[in-house]
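These notes concern the structure reproduced below.
The values are calculated or read from the model by the stated rules, or taken from the named source; none is laboratory data. Keep in mind that this is a model prediction, so the values were computed, not measured. FYI the Cβ positions are ideal-geometry reconstructions off the backbone, even for glycines, and counts take in every protein chain you see.
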Amino acid sequence: MQFPRLDSKAILAPMAGITNLPFRILCRRYGAAAVFTEMASADALVMKSAKSFKFARTDLREKPIGLQLFGSNAVNLAEAAQMMQHDFDFVDINMGCSVAKVIKQGAGVYLMKDPDKAAKIILKVADSIDIPLTVKIRSGFDRINAAEIARIAEDNGAAAVTVHPRTAAQGFSGKADWSIIRQVKENVSIPVIGNGDIRDPYDAERMLKETGCDYVMVGRAAIGNPFIFMQINEYLDKGTFTEQKHPDRGSDFRRYLELVKSFDMISFNDIRVKAQQFTKYIDDSCRLRKLIGQQDNVRDIKKLMNTIV
């Protein structure tokens, strides 16, 4: 099953607590080539966990959309993928998460430690679904073996691979080693998605040129800033990009609120965090984030944001 040809180059990374349905719609609105759900537990989906089904909720406005699953049980991963595939354009297996509670389950980047098990999981899931399967990896767990795992992924039915070139021990610290992405690209024929240290349109262009990857995946730079996808698309097309004005950032936050309300997904903690994120790049942002953190209801946060942006 081939990975779909996307209409632009920058993809939204799956991020826990960030890439919920309303935020994904905003990113697609600004030109993200594709988006991914927050990481969902395959075991929990098989057990019909209501919380996990919330992570897998989707909408036509965000297509193409991928469901990201994590787990270490091949049968459950395949069952969850098969059960959920009808709402998605592709399924992604997370073999890159370095969070301790995921690693303790033998999932995420820990699977890179056992290539044979990784191969069996990828084959089992790929054979169980009728849509493309992708795999997200890191440089490695306790050794650099991204190219090896990428080849295994391709040989066992993966349609694309995403590479975050940091080891498990690095987490998100240090500098992403883009040469690992280039090594993967040179060793597989399926599309390669580069991820790591894409902070602006210049980084996106540089990664594409330096690594030869087919797409770039934007993570932390998109937090509170879905406009970055429009900027990357403009820069790759024209060599220049538009700077977003502060009032437009406020408008994006209000659109987010409208979407949250329309999907009945109102959460005070989420809205407070998102308000802080959407003020990240404006003047005096530290003080503003502190003010937002002092509010204790959605109404007052919205009122405060209306005076800021």
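Do you know which residues across segment 236-248 are farther than 18 Å from N195 by Cα and either outside any loop (DSSP other than H, G, I, E, B) or not aromatic (F, W, Y) (or both)?
Matches in segment 236-248: D237, K238, G239, T240, T242, E243, Q244, K245, H246, P247, D248.
So which of V75, V46 is more than 21 Å from the chain's Cα centre (by Cα) and closer than 15 Å to I122 by Cα?
Just a single option satisfies the conditions, and that option is V75.
Which of the residues that make up segment 228-259 are at pLDDT 95 or above and under 20 Å from the mean Cα position of the chain (by Cα)?
I228, F229, M230, Q231, I232, N233, L259
Of a type outside the set (D, E, K, R) and touching a Gly at 6+ places or on another chain (Cβ under 9 Å): is that true of F263 in this structure?
Considered against the rule, which asks whether it is of a type outside the set (D, E, K, R) and touching a Gly at 6+ places or on another chain (Cβ under 9 Å), F263 comes out as no.
Return the pairs, sorted by first residue and then second, in which the second residue is part of a helix (DSSP H, G or I) and of a type in the set (S, T, Y), the first residue lies in segment 279-301 and is closer than 18 Å to R254 by Cβ, the beta carbons are less than 6 Å apart, and the residues are 6+ apart or on different chains.
Listed pairs, sorted by first residue: T279/S285.
Quick check on segment 158-186: of everything there that is exposed (fewer than 15 other Cβ atoms within 10 Å of the Cβ) and more than 17 Å from the chain's Cα centre (by Cα), which residue is nearest to F3 (Cα to Cα)?
Top of the filtered list is E186.
Go through segment 34-50 and report how many residues are in a loop (DSSP other than H, G, I, E, B) and in contact with a helix residue (DSSP H, G or I) (Cβ under 8 Å, 6 or more places away or on another chain).
3
Testing Y256 on (1) among the hydroxyl-bearing types (S, T, Y); (2) part of a helix (DSSP H, G or I); (3) surrounded by fewer than 19 Cβ atoms within 10 Å (Cβ to Cβ), one condition comes back false. Which one is that?
(3)
Can you name every residue in segment 193-220 that is under 12 Å from C27 (Cα atoms) and either surrounded by fewer than 22 Cβ atoms within 10 Å (Cβ to Cβ) or without any contact (Cβ under 8 Å) to a residue 60 or more places away in the chain (or both)?
G219
Only one of F278, F268 is among the aromatic types (F, W, Y) and at pLDDT 90 or above; which?
On inspection, the qualifying residue turns out to be F268.
Name the one entry in D197, D155 that is under 17 Å from S98 (Cα atoms) and among the charged types (D, E, K, R).
Criteria check complete, one pass: D197.
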